[in-house]
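Some notes on the structure that comes next.
The values are calculated or read from the model by the stated rules, or taken from the named source; none is laboratory data. Please read all numbers here as calculations on a predicted model, not as lab measurements. So basically every Cβ, Gly included, is an ideal-geometry build from the backbone, and we count neighbours across all protein chains shown.
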């Protein structure tokens with residue numbers, strides 16, 4: 001039977017709760033003491049991954065074995081114990097449920113409390129934090145200020161329990177970079193036709209008529225024409241002179257056809273992005289992976 005003299009020794013050890021057949025039930029959690037005499041009556045075993053659940057075990061019949069507490073109950077019996085919040089106090093009704101589960105008779109039951117017994121007789125005794133030595137605190141143990149519960153400080157405080165299921169398994173997740181492509185407008189190209197004016201110089205040959213005086217003697221061949229008119233008279237004769245001048249005519253003729261077309265080219269772009277990964281640490285468990 002563990003006594004109050006063993007409490008300081010328990011608080012200075014980081015032991016486990018072990019069943020009578022040698023199975024580890026869980027790590028040492030908290031010690032609950034009787035208000036009336038200060039004797040330790042309950043201990044909690046931290047079970048589940050990282051000790052996220054606590055089960056109450058009576059200290060009646062328990063013994064110290066090295067750093068461990070050996071209790072006369074099986075691991076399954078402790079696991080099936082009623083769920084009670086380890087909030088610093090056990091009320092009589094909670095104790096009755098626990099005693100009934102472990103098939104023990106409590107010193108004061110809930111019905112007895114209703115008949116005049118003190119309802120606080122099974123609550124834990126108060127111990128101030130000042131009663132703990134620096135060695136106790138350095139070892140990771142603390143005392144509740146008014147709840148009277150001696151609790152092993154959880155060195156895993158602040159670690160989230162998200163991802164824990166009923167099978168005590170934790171899911172480790174990580175972000176993976178999925179890089180794809182999307183098509184988006186990068187710019188516009190258009191055809192626009194406009195008119196410009198430029199000078200074109202071209203040499204064109206042109207012809208013109210000039211007057212040239214020709215004299216021919218009277219011959220037998222032209223005598224008749226020469227004597228056909230009056231002997232003496234006045235006369236005029238005109239000659240129309242002609243010349244060529246450049247005539248400019250413009251016409252629009254098709255030269256070529258122009259269209260817009262696209263082609264696909266492939267470039268390589270390096271993506272540099274941060275991804276998050278979850279890591280799982282084990283406390284008190286040897287990693288057997290090789």
Inset, instruction - Could you please find all residues in region 81-93 being in contact with a strand residue (DSSP E or B) (Cβ under 9 Å, 6 or more places away or on another chain) and either farther than 19 Å from residue 34 by Cα or crowded, with 17+ Cβ neighbours inside 10 Å (or both)? - result: 81, 82, 83, 84, 86, 88, 89, 90
Legend entry - Long-range neighbours under 9 Å by Cβ, at least six apart or interchain, first residue on the phi > 0 side of the Ramachandran plot and assigned to a loop (DSSP other than H, G, I, E, B) within region 277-290, second at pLDDT 80 or above and surrounded by 10 or more Cβ atoms within 10 Å (Cβ to Cβ): 284/16; 284/27
Inset, instruction - Look through 226, 186 and report the one residue that is under 60 Å from the mean Cα position of the chain (by Cα) and either modelled with pLDDT under 85 or closer than 30 Å to residue 268 by Cβ (or both). - result: 186
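If I filter region 199-211 down to residues being touching a strand residue (DSSP E or B) at 6+ places or on another chain (Cβ under 8 Å) and in a loop (DSSP other than H, G, I, E, B), which single residue comes out as surrounded by the most Cβ atoms within 10 Å (Cβ to Cβ)?
Step by step, filter region 199-211, then rank; the result is 209.
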Inset, instruction - Of all residues in region 212-226, count the ones that are surrounded by fewer than 10 Cβ atoms within 10 Å (Cβ to Cβ) and in a loop (DSSP other than H, G, I, E, B). - result: 9
Legend entry - strands (runs of 3 or more DSSP E) wholly inside region 9-79 containing at least 2 residues that are over 26 Å from residue 282 (Cβ atoms): 24-33, 40-47, 63-65
